[in-house]
Every structure is written in structure tokens, then in C-alpha cells.
Amino acid sequence: MNEPQTQIRQATKKVVLIALVVALFFIGSGIYYYVRYQKETIQQEAFVDYQGAVQRYTTPTQENVDFYKASKDLEELLQQYPDTFSSRDEAFAKVMLGDSLGEIDRVRGTEILKDVVRNPKYPDGTRSLAINYIVNDYELDFIDRNFVKETLFVGEEFAHLLSDSGGDEDIAIRKLNERSVALSPNAIANYRIAKWYAAEIYLNPGVPESKRNEYFEKMNEHVAAGDQLLAQYENTMTPQRRGLAYELKARIIHLSGGNIEEAELLFQKALKTYKEPPITIFQRVYDMRSSFYYAAFLARNPIHDRAEDLRNLLKFHLYYFSTSWEPRERNVRIVSFLIAAREFRKIYPDLGAVIDKLDFREYVKGHPLELKLKQ
């Protein structure tokens, strides 16, 4: 074979190789950009679905609330887009899921919230928020008396809180709130810790002065921290969280023997906050909660006859149970408050009689927690 033909063949091979390299480059680039495009498309779809789920969960009114659908939407969101969300968004979606299950399957909902707390990959602020929701369930739950020992303080990072507290549930809850503050300082947990010390002052008037002073010092420390955080984040907090903060501070003042007028103004401020439109079901729940604590405050501080004030305060909430709602639109936590509120009949028999006439069994018929209420 002569030299020119050899050179031609070698040149042809080079051209073919170059063409193959170029082709592979473009094919690889195409695959890369296709995969990248697909990933970006999935992320965009996930973001839209996430925003929709958050919107539907955080803004339901009494007329359109559906915790069954909310929890199902959130579960499907997390299953459909695994490893797609940021750790912050994933954690917050799980917090919403855990809270939405509070009206359907409280045990499972609490376990989801506990898993968020345990997971170090999630932001400390969201883990702290999960603790606040767990304590919400504790404070709102008059239904299952074994909730604390059989669900809340069970498992890694939770069981020791109850054992370290000598089995005292209130101390264990205080320690849980301290964990919330340690993860991410927040007004709600600080006020809850302060309320524990205020309750000790109220329930133990005969304690030594040194111990009493210690309680006051700790209480004031956490009130000051709560006040600072509330002032800093007040404008970004939801109405129910702001209202809860005002209510907690009112109860701290009342329990610790503080200024009664200041406490009453804070109760009134809480109730006004819950009325900010659009009024969500969460605002309704906390409105009833704060109304009953305010009613208890009025009953225990009879500066003058407040029977009419009590009736007016609770009239709207009692009317709630005279209306018919579909089973899954019924808020059983509110039923819990009314059951607990029957103690008012000891102070104002006419008000207690109104509560006693309510047929809770009919109201909860068909609701997932119906059996719990029958126990």
C-alpha cells in the first residue's frame, strides 16, 4: 500500500474519531440537560404542589375545613417527591402532617412530630416548632388520659424526660419546653416555662421564701425572654400563635399574684387577635381555649358579679354546638374544652346547666375520636 493511501486512511480514522467524540459530547450534553430539565421540572411541580398544600392547610375556615383531605394531601406530597424538598420544607411538611393528624390519629401524628424533633438534618427552628405542636396536643387533650405516658414520653429522646422528672408530667413538659428553647429560642416555649414556675407559686403558698424567690426569679427570666422574642417576631406570627402568647402571659400574671387588670387586658387582647380575618379553624380552636381560661380567671377574681360577662364570653362557643356539621368537620378539641368547662356549674349553675344540656355523643358520632370520648 502506497504512502498517500495510508495517509488518507489515517486521516479518515481521525475524522471518524473526532466525529464520534463530538457526537458523544452532544449526546452526553443532551442527556445531561434533559436530566437537568426533568429534575428542574419536577422541582417546580413539587414547589407548586408544596405551596398549595401549605396554603390549604394553614387557611381553612370552619366552612371548608377537612383535616382528612389535608393529611392525605401532605402524605401524598411527601411520597410523590422523595428527596426533592429542602430539609426545611420537608420538615415543615411533616410538622403540618403531624398536626393535621391530631384530629384523626393523634398517636401517629405525635410520632411524626417526635421524628422531626429527633432528626438532626432538619433545621433547629423547625424541630423546636415540632415540640411546640406536641405540647399543643398535650394542652388541648382532655380525651386520652394515658396520652402522656403511652404516647408522648415514649421512645428515644423522650422517655427519659418523664423518668428524669420522677414521673411528674408537668415537670417533664417543662423540660420539653426547655428543649424547644435550647433548639431555637421562641416566645411560646419561654412563656410555657414561666407558667410552670407561676403555677408552683400559686399551688404552693407555704414553700420557704428562698424557694419562692427562686421560682419568681426563674419565672421573670423566661417572661423577659418571651417578651423580647414576642416584640421581635410579633408581626410575623400567625394570629393563633400571637393570641396564645398573650393568653399564656395573662395566666402567668394571674397565677403569680400579679396585676389583675393587666392580666384581663391580655386575655382581651388574645381574643381580639383571634378575630383577625380570615378567621381560620385554628383561630377558632384557640379562641375557645383562651375564652375558657379567661372565664376561669373571671370566676376566680370576683371583683364584682361577672356572671353576665361569663355568659356573653361563652355564648358564641356554645352556639357552635347547636349547629350541624359533617363528622369530619367537627373539631373534637373544642368538645374537650366544654367537657372540662363543666366545672363552671359549681360557680354559676345556670351556665353549667347550658353546657350539661349539650349532647356531645350526638356531636361526635361518626368522628374518628368518637370511641375515645365514650371511654
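Would you point out the residue of region 236-290, among those that are in contact (Cβ under 8 Å) with a residue 60 or more places away in the chain and among the hydroxyl-bearing types (Ser, Thr, Tyr), that is surrounded by the fewest Cβ atoms within 10 Å (Cβ to Cβ)?
Among those residues, the one meeting the criterion is THR238.
Check region 249-256 and report whether any residue there is among the polar types (S, T, N, Q) and over 21 Å from the mean Cα position of the chain (by Cα).
Yes, that holds for at least one residue.
Give me a count of the residues in region 103-126 that are of a type outside the set (Ser, Thr, Tyr) and touching a Ser or Thr at 6+ places or on another chain (Cβ under 8 Å).
First pass over region 103-126, keeping only residues of a type outside the set (Ser, Thr, Tyr): 103-109, 111-121, 123-125.
From what is left, the residues that are touching a Ser or Thr at 6+ places or on another chain (Cβ under 8 Å) are 104, 106-107, 109, 111, 116, 121, 123-125.
So the count comes out to 10.
Please determine whether any residue of region 79-92 is within 22 Å of LYS149 (Cα to Cα) and touching a residue at least 24 places away in the same chain (Cβ under 8 Å).
Going residue by residue through region 79-92, those that are within 22 Å of LYS149 (Cα to Cα) are none.
Within region 79-92, none of the residues are within 22 Å of LYS149 (Cα to Cα) and touching a residue at least 24 places away in the same chain (Cβ under 8 Å).
Quick one: is LYS121 free of Cβ contacts under 8 Å to residues at least 40 places away in the same chain and in a helix (DSSP H, G or I)?
Details: free of Cβ contacts under 8 Å to residues at least 40 places away in the same chain: yes; in a helix (DSSP H, G or I): no.
No.
Would you point out which residue out of ILE134, ILE112 is under 11 Å from the mean Cα position of the chain (by Cα), without any contact (Cβ under 8 Å) to a residue 60 or more places away in the chain and buried (at least 20 other Cβ atoms within 10 Å of the Cβ)?
On the way: ILE112 fails: under 11 Å from the mean Cα position of the chain (by Cα).
Answer to the check: ILE134.
I'd like to know if region 163-175 contains one or more residues that are in contact with a helix residue (DSSP H, G or I) (Cβ under 9 Å, 6 or more places away or on another chain), in contact (Cβ under 8 Å) with a residue 40 or more places away in the chain and of a type outside the set (Asp, Glu).
There is no residue in region 163-175 that is in contact with a helix residue (DSSP H, G or I) (Cβ under 9 Å, 6 or more places away or on another chain), in contact (Cβ under 8 Å) with a residue 40 or more places away in the chain and of a type outside the set (Asp, Glu).
Mind telling me which of the residues THR84, THR61 ends up being touching a Ser or Thr at 6+ places or on another chain (Cβ under 8 Å), in a loop (DSSP other than H, G, I, E, B) and modelled with pLDDT of 70 or more? Walk me through how you get there before you give the answer.
Numbers: THR84 fails: touching a Ser or Thr at 6+ places or on another chain (Cβ under 8 Å).
Of the residues listed, the single one that is touching a Ser or Thr at 6+ places or on another chain (Cβ under 8 Å), in a loop (DSSP other than H, G, I, E, B) and modelled with pLDDT of 70 or more is THR61.
The values are calculated or read from the model by the stated rules, or taken from the named source; none is laboratory data. Computed from a prediction, not measured in an experiment: that's the story for all the values here. Using ideal geometry, Cβ is built from the backbone for each residue, glycine included, and neighbour counts are taken over all protein chains shown.
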